[in-house]
Amino acid sequence: MATSGLPHLPPLDGAAEWLNSAPLGPADLRGRAVLVNFWTLTCVNWLRQEPYVRAWSRAYRDDGLVVVGVHTPEFSFEHDVEWVRRAVAARAIDYPVAVDNDHTIWNAFDNHYWPALYFVDTDGVIRDDHFGEGRYEQSERVLQQLLGIEREPVAVDGLGPEAEADWDNLRTPETYLGFGRGEDFASPNGAVLDERRAYELPESLSLNQWGLAGEWTIGVENVVVDRAGGSVAVRFHARDAHLVLAPGAGSSIPFRVLLDGEPPGPSHGVDVDSDGNGVLQDGRLHQLVRQNGAVRERTLEITFGEPGAEAYAFTFG
């Protein structure tokens with residue numbers, strides 16, 4: 001097949017650091033089938049895709065496959081290599097990861113999505129790509145074609161935040177909390193940028209609305225708790241509710257989650273207990289709710305026991 005008109009694997013230069021590997025480039029990878037996976041550690045779509053990428057790396061490594069992860073940050077705190085390193089450890093990622101803090105590799109691919117997969121043949125030609133979740137069996141078939149093998153797909157079972165979304169009951173979109181992209185903010189008197197002020201929750205939240213209570217500063221990409229007892233609430237319809245959080249200058253910030261004003265009980269997520277208690281120590285996505293039983297519209301409220309917590313976005317599944 002002619003390859004002159006197809007894109008080739010671009011240089012993988014410009015990474016701030018490489019994890020699990022020395023720096024790699026097209027010359028190092030020539031003769032190997034390569035799967036390039038763009039991700040960012042707070043992306044719920046990547047988290048739900050990752051068990052497949054991890055399984056493919058392990059299943060086909062001896063057949064000649066090299067998976068290269070490229071971590072390109074969305075939020076500013078994701079530039080911290082330590083948070084990336086912790087995410088790599090938490091997800092048991094053992095393949096090479098380029099820490100693409102300046103979006104250099106992202107731009108070389110002209111990529112626009114998290115997650116994104118690029119399928120590269122042994123001659124360095126990009127033969128296929130896929131953006132977002134899904135298409136797992138077809139993607140695995142593409143890998144097998146690049147490797148010249150044929151076998152049954154590997155079994156994958158995502159757990160915790162890696163579990164596939166309950167798409168039929170997902171009626172609330174990703175909800176950004178910063179001034180730059182925030183929508184459906186329902187606290188009275190509206191939001192003020194970069195000013196510490198007291199907010200209140202409205203008497204009730206409509207579906208997909210959110211609000212603040214207590215003292216907060218609303219920044220461009222996040223909201224920051226300025227005084228202990230500050231809370232953020234959202235009205236949602238989904239099985240799972242997550243919140244991207246970072247501890248700021250703090251090292252350990254306790255928080256409490258209530259669901260319709262009560263402890264979540266068996267509907268708690270992996271990052272809280274049945275009484276709704278959790279501790280913010282890492283900058284990452286935190287799973288707060290996984291509804292037990294029938295999925296219905298609920299109000300989630302999370303209250304922080306210390307100042308300094310940074311909240312970026314709710315995501316749902």
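The values are calculated or read from the model by the stated rules, or taken from the named source; none is laboratory data. All figures in this text were calculated on a predicted structure; none of them were measured in a lab. Neighbour counts are summed over all protein chains in view; Cβ atoms, including those assigned to glycine, are modelled from backbone coordinates with ideal geometry. Each accessible area value is taken on the protein alone, full model and side chains, heavy atoms only, with ligands, DNA and RNA left out. Shrake-Rupley method; radii C 1.70, N 1.55, O 1.52, S 1.80 Å.
The mean sequence separation of alpha-carbon pairs under 8 Å and at least six residues apart, normalised by the residue count of segment 151-226, gives a relative contact order of 29 percent. Between D226 and E152, full extension at 0.36 nm per residue minus the direct alpha carbon distance yields a gain of 21.3 nm. Shown for the chain: the carbon plus sulfur share of the solvent-accessible area, taken with all protein chains present and a 1.4 angstrom probe, equals 45%.
Per-residue accessible area (protein heavy atoms, 1.4 Å probe) orders H103, H237 as H103, H237, starting from the largest.
Can you give the helix-only mean residue ellipticity at 222 nm for the chain, where every DSSP H stretch with n ≥ 4 adds -39500 (n - 2.57) and the sum goes over all residues, rounded to the nearest 500 deg cm²/dmol? It comes out at -4500 deg cm²/dmol, rounded to the nearest 500. Any idea what angle helix 44-60 forms with the longest principal axis of the chain, computed on alpha-carbon atoms, 0 to 90 degrees, nearest 10? Here the helix axis deviates by roughly 30 degrees. How many percent of all Cα-Cα pairs in segment 252-317 sit more than 18 Å apart? Here the tail beyond 18 Å accounts for 31 percent of pairs. Of the whole protein surface, F314 contributes about 0 Å² of accessible area at a 1.4 Å probe radius. Where both partners of a DSSP beta bridge lie in segment 163-302, what percent of those bridges are antiparallel, to the nearest 5? The antiparallel proportion sits near 95 percent.
Take every pair of alpha-carbon atoms less than 8 Å apart whose residues are at least six positions apart; their mean separation over the length of the chain yields a relative contact order of 17 percent. Segment E174..W18, full-extension length gain: 53.2 nm, with 0.36 nm per residue of separation and the alpha-carbon distance subtracted. Only Lys, Arg, Asp and Glu carry charge here, each on its Cβ (+1 for the first two, -1 for the last two); on that basis the chain has a dipole of about 280 debye about its Cα centre.
Would you rank E150, E162, E221 by solvent-accessible area, highest first, keeping every protein chain in place and using a 1.4 Å probe? Show your work: numbers first, answer last.
Details: E150 170, E162 15, E221 55 Å².
The ranking, largest first, comes out as E150, E221, E162.
Does segment 4-134 come out rounded, prolate or oblate, given a ≥ b ≥ c as the square roots of the eigenvalues of its C-alpha gyration tensor, rounded meaning a/c under 1.5 and, failing that, prolate meaning a/b above b/c? Rounded is the answer for segment 4-134, as its axis ratio a/c remains below 1.5. Exposure check, 1.4 Å probe, all protein chains in place: D63 carries approximately 60 Å² of accessible surface. For segment 80-238, the square roots of the Cα gyration tensor eigenvalues, ordered a ≥ b ≥ c, give a/c of at least 1.5 with a/b greater than b/c, which places it in the prolate category. For the chain, the Kirkwood estimate of the hydrodynamic radius, built from every pair of different alpha carbons, is 20.7 Å. Computed with a 1.4 Å probe on the full set of protein chains, the accessible area for L47 sits at about 10 Å².
Taking the DSSP beta bridges in the chain as the whole, what percent of them are antiparallel, to the nearest 5? It would help to have the intermediate numbers written out before the result.
Values: 58 of 70 bridges.
Here the antiparallel bridges make up roughly 85 percent for the chain.
Hey, if you put +1 on the Cβ of every Lys and Arg and -1 on every Asp and Glu Cβ in the chain, which of W83, F119, W46 ends up farthest toward the positive end of that dipole? Among W83, F119, W46, the one farthest towards the positive end of the dipole of the chain is F119.
Cα-based values for segment 28-92, radius of gyration first and Dmax second, are 12.8, 38 Å. Think of a 1.4 Å ball rolled over the protein heavy atoms: segment 62-214 then has 49 Å² of accessible area per residue.
So what's the projected area for segment 13-57, the Cα convex hull averaged over all directions, in nm²?
Numbers: hull surface 15.9 nm².
If you wrap the Cα atoms of segment 13-57 in a convex hull and average its projections, you get 4.0 nm².
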